[in-house]
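The values are calculated or read from the model by the stated rules, or taken from the named source; none is laboratory data. Here the structure is a predicted model, which means the values were calculated and not measured. Here the Cβ positions follow ideal geometry from the backbone for every residue, glycine too, while neighbour counts run over all protein chains shown. Protein only, heavy atoms only, side chains kept; ligands, DNA and RNA dropped before computing areas. Shrake-Rupley method; radii C 1.70, N 1.55, O 1.52, S 1.80 Å.
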Amino acid sequence: MDVHKSSKVHLFLLIVVSGFFIWSVIKPATYLDWLAEVSPSVVVIIILLATYKKFRFTTLSYFIIAILSILTFIGGHYTYSEVPFFNWIKEEFNLKRNNYDRFGHLLKGMIVIVIRELLLRKTALTKGVWLFGITMSISLAIAALYEIIEWMSTKISKGGKVSKDFLGMQGDKWDAQWDMFLALVGSLLAYIILSRLHDKLLKKIKKNSSFMHDEKRLN
């Protein structure tokens with residue numbers, strides 16, 4: 001059955017994410033910055049594990065969550081402004097900054113698919129303009145909330161090194177605006193590119209749910 005196959009894929013994703021988590025905690029740049037970066041992903045993973053039997057997302061959504069978690073684990077280990085590969089790109093192409101942070105916010109736009117799934121499965125919304133508008137709005141709200149949290153960290157720690165690493169501005173006063181803009185672009189791209197595949201996976205979940213319901217009724 002598709003349910004058993006998908007469960008194996010979900011387990012594989014969990015193992016990969018756990019591997020990156022363990023790696024990230026070994027001698028990070030600073031443990032306080034690591035904690036600030038990885039905490040949101042760890043909380044989300046714990047919630048997903050606790051609710052897995054009651055509510056299973058599509059494999060696409062779990063794949064997106066895995067990618068975003070790994071992204072934060074890498075950023076937490078090195079700090080977003082010092083990820084080695086992006087430092088190499090910076091030097092090779094004479095860029096002004098390490099763009100891992102920019103790249104990360106672009107990819108974080110993929111969360112729009114997870115939001116879309118929750119709205120389609122847990123509300124009365126159906127595919128259309130309202131679903132698109134509300135999904136995009138929630139995605140942007142999450143991006144803005146993250147920027148507010150970053151700003152608050154600088155106020156609490158009074159501009160210390162850890163807060164600067166967490167903020168990752170690298171001297172750009174428009175960093176927050178760039179981050180939210182890239183999250184918007186990432187959300188739009190993810191919605192346009194992945195919606196059809198997402199719909200197919202949602203149909204499979206619906207069929208499997210109906211099959212399981214019929215089996216229980218017959219037994």
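General remarks:
- Tensor-based shape of the stretch 1-50 (alpha-carbon gyration tensor, a/c under 1.5 rounded, otherwise prolate or oblate): oblate
- Between PHE132 and LEU188, the contour length at 0.36 nm per residue exceeds the alpha carbon distance by 19.2 nm.
- Carbon and sulfur %, accessible surface of the stretch 41-157 computed with the full protein complex present, 1.4 Å: 73
- Rolling a 1.4 Å probe across all protein chains gives ILE192 an accessible area of roughly 130 Å².
- Accessible-area order (highest first, 1.4 angstrom probe) of the listed residues TYR78, TYR100, TYR31, TYR146: TYR31, TYR78, TYR146, TYR100
- Taking label points 7 Å from Cα along the Cα-to-Cβ direction, THR51 and TRP151 give a separation of 2.8 nm.
- Surface exposure of the stretch 17-156, expressed per residue as accessible area with a 1.4 Å probe, stands at 54 Å².
- Accessible surface for LEU60 stands near 20 Å², nearest 10, in the context of the full protein assembly shown (1.4 Å probe).
- Take the Cβ atoms of PHE85 and PHE12, set R0 to 25 Å, and the FRET efficiency comes out at 0.55.
- Ranking by accessible area, most exposed first, for LYS54, LYS207 with a 1.4 Å probe: LYS54, LYS207
- Among the listed pairs LYS53/LYS127; LYS90/LYS127; LYS8/LYS200, those beyond 31 Å (Cα-Cα): LYS90/LYS127
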